[in-house]
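Written below as structure tokens is the structure these notes are about.
The values are calculated or read from the model by the stated rules, or taken from the named source; none is laboratory data. All of these numbers come straight from a predicted model, not from anything done at the bench. Don't worry about glycine lacking a Cβ; one is built from the backbone with ideal geometry, like all the others, and counts go over all protein chains shown.
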Amino acid sequence: MLWHCLRSRLVATAVLVFLPYTTHAWSSLADGIIAGLNNAADCASCHSLLVTFRATAALGDDAFVNSLKSLCKRLKLQDTDVCDGIFESVGPVVAHDLRSMSPFGQTSTKFCNAMLGLCSEPPVNTYTVPFPKSAPENPKEFKSLGRPPFQVVHFSDVHIDREYSVGSEANCSKPLCCREFSDQSEPTTIPAGPLGDHACDTPRNLVESIVKAIDTTNNTFSIFTGDIVDGAVWLVNQEDVTADINLFGEEFKMALQAPVYPALGNHESAPVNCFPRLTTESHANDSQWVFETSSAQWRPWIGNAAADQIVHHSGSYSLVVPDTSLRIISINSGFWYKMNLWLYDSDDQQPDPNGILSFLVSQLQLAEDLGQRSWIIAHMPPGGGDVLLDQSNYYDQVIQRYRNTIAGQFFGHTHADEFQLAYSNYSDQRKDTATSVAWVAPALTPRSGNPAFKVYDVDPDTYEIMDAKTYSTDVSHPEYQIDPVWKMVYSTRDLYGPLIAGGLDSSDSLSPSFWHQVTELLETDNQAFRMFQHLKRRADAVRYASSGHNGARIIALMYAGDGSGKV
């Protein structure tokens, strides 16, 4: 969000507008504070700054918000409307935080880390996640019978822009372009095309292309790992978010033949990112409306029981996919997100805000008791730099305890095509200690890369991933704005299988052990690493479509300067 993007410059000068001075006195004060704050570059100085912040917040939300808005405009950090919108939205939450936390406690250190980047995150608070039962001595073995796999689509971060305007400026001064903004009177330099641009979110025409591409995969079902709402965060409000969730559900239910099992993203809230905890005073700006809206829209896909769980478990739910022994557990990871400003309104360290971990454990235990496999789906992958260390650690405890039951984890949020690994011993990382893999899907918004999604080949007995194929469309292609062509960019099995020691047997899944061997390859093979980075970034990769060809040949094509994609 914009607050995150501006934080290093904004926070270093925000106290400039905290008190009502005359113009002359204001100017002198500003100059002096700027000179002093330019040298404030450590954690201790951040804590000291919070004392001043807190004093201004004590004057009331209006005084605090107006101060931030004035600062943003004076320093020309963003256009006037962006300055006004973002701080009218998040300013009252920040003011509440500052009034609620000690400026010298652990919460303020976490705040300085997340918002200002001036503190290291504190060490993990010791906490042992409670489990109903110990891991069984002889866990159930899940064996493949060699049956043909079924297909599952994983898509994420669609960020549909309902205000997208064809022909508007795609190179604007705002954080998000391709809209008609009243303050932009200059002639258009780069007109927004019908199907989107790299500075813009997803137009309706591209949504239609996306659902057609997904529907041609013959998938049994899809998983969607969140972020429906566009990136114009300074304009987000409850009415718009509600409408976006409703329209997404209606459009995708009408267009797709197979069900979608969704997870909530950090953009499915207003203010963006902000899900208050149950401990927040009077549940300020309660997000219950998000959960109730999602429950109603997703009910035809997930069923009545799961839809009711969304309402009562802060956006999380669990279900067994019909005609399978696969339990999908969807959790709201927004309560672990560093940019969720409601997480800083108390000095009490809460290991499991809103009981998300507790719900996850209960559903994994149920799956274990019933002999089921489980997939966990959520928006933000724990362990990333924007997820709190405490919750990442506690989540990993859950993964280790139920590693026999968990067949896969699936996330989005990063907009990149990547993966994460969990180990039973992080001091001894090798293929034998790799216990679980998290699949992180690329984004469908053209903002910052080519729209892309993944298709998994899933073993019907173990529910492990046998192959993962990434499909994309090339925004830079001359025909893209007329009719996007979706192609398979690469098959994970074909690309990396031949490159690891011993290769892959036909019965081998893309297991944690396999992915550890891929990391060893990326550490030693510069070509393979450059290829991985290129594909991760969604960077004009369609021309390297690789159906049916081995990884070594693909690498040769990508770096020989051919660029034709012909093999």
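In table form, for the structure just shown:
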quantity: Search result, residues across segment 151-169 that are over 28 Å from Glu418 (Cα atoms) and assigned to a loop (DSSP other than H, G, I, E, B); calculated: Arg162, Glu163, Tyr164, Ser165, Val166, Gly167, Ser168
quantity: Any hit, segment 449-468, residues being in contact with a Ser or Thr (Cβ under 8 Å, 6 or more places away or on another chain), of a type in the set (Gly, Ala, Ser) and in the same structural domain as Gly226 (by TED's automatic domain parsing); calculated: no
quantity: Criterion violated by Ser427 - all others in (1) without any contact (Cβ under 8 Å) to a residue 24 or more places away in the chain; (2) assigned by TED's automatic domain parsing to the domain that holds Lys338; (3) not charged (D, E, K, R) satisfied; calculated: (2)
quantity: Residues satisfying the stated conditions in segment 182-240, i.e. in a strand (DSSP E or B) and either surrounded by fewer than 19 Cβ atoms within 10 Å (Cβ to Cβ) or modelled with pLDDT under 95 (or both); calculated: Pro191
quantity: Which listed residue, of Ser476, Ser509, Ser448, Ser491, is at pLDDT below 95 and in contact with an Asp or Glu (Cβ under 7 Å, 6 or more places away or on another chain); calculated: Ser476
quantity: Test: residue in segment 12-28 that is of a type outside the set (S, T, N, Q) and at pLDDT 85 or above; calculated: no
quantity: Search result, residues across segment 103-133 that are within 15 Å of Gln349 (Cβ to Cβ), in contact with a Lys or Arg (Cβ under 9 Å, 6 or more places away or on another chain) and in a loop (DSSP other than H, G, I, E, B); calculated: Glu121, Pro122, Val129
quantity: Enumerated strands (runs of 3 or more DSSP E) restricted to segment 267-379, each holding at least 2 residues that are out of contact with any helix residue (DSSP H, G or I) (no Cβ under 9 Å at 6 or more places or on another chain); calculated: 373-377
quantity: Residue among Leu370, Leu341, Leu366, Leu319 that alone is buried (at least 22 other Cβ atoms within 10 Å of the Cβ) and either closer than 27 Å to Asn246 by Cα or at pLDDT 95 or above (or both); calculated: Leu341
quantity: Cβ-Cβ under 6 Å pairs, at least 6 apart or on other chains, segment 164-179 side farther than 17 Å from Thr202 by Cβ, far side among the β-branched types (Val, Ile, Thr); calculated: Glu169/Thr188; Asn171/Thr189; Asn171/Ile190
quantity: Residues within segment 252-266 that are in a loop (DSSP other than H, G, I, E, B) and either among the aliphatic types (A, V, I, L, M) or surrounded by fewer than 16 Cβ atoms within 10 Å (Cβ to Cβ) (or both), tallied; calculated: 5
quantity: Test: Gly249 is within 20 Å of the chain's Cα centre (by Cα), outside any loop (DSSP other than H, G, I, E, B) and surrounded by fewer than 22 Cβ atoms within 10 Å (Cβ to Cβ); calculated: yes
quantity: Single residue of segment 524-534 satisfying the filter (surrounded by fewer than 19 Cβ atoms within 10 Å (Cβ to Cβ) and within 26 Å of the chain's Cα centre (by Cα)) that is nearest to Arg430 (Cα to Cα); calculated: Phe529
quantity: Residues of segment 380-405 classified as surrounded by fewer than 21 Cβ atoms within 10 Å (Cβ to Cβ) and not in a helix (DSSP H, G or I), total; calculated: 7
quantity: Tally, over segment 44-76, of residues that are part of a helix (DSSP H, G or I) and either among the basic types (Lys, Arg) or touching a Lys or Arg at 6+ places or on another chain (Cβ under 6 Å) (or both); calculated: 5
quantity: Which listed residue is under 28 Å from Val398 (Cα atoms) and surrounded by 15 or more Cβ atoms within 10 Å (Cβ to Cβ), from Val124, Val129, Val90; calculated: Val129
quantity: Listing of strands (runs of 3 or more DSSP E) fully contained in segment 422-494 that carry 3 or more residues being surrounded by 19 or more Cβ atoms within 10 Å (Cβ to Cβ) and among the hydrophobic types (A, V, I, L, M, F, W, C); calculated: 434-440, 452-458, 465-472
quantity: Options Val290, Val260, Val272; residue that is among the aliphatic types (A, V, I, L, M) and farther than 28 Å from Pro92 by Cβ; calculated: Val260
quantity: Filter result for the condition that a residue is surrounded by fewer than 19 Cβ atoms within 10 Å (Cβ to Cβ), in contact with a Leu (Cβ under 8 Å, 6 or more places away or on another chain) and either within 22 Å of Val236 (Cα to Cα) or modelled with pLDDT of 90 or more (or both), over Leu37, Leu77; calculated: Leu77
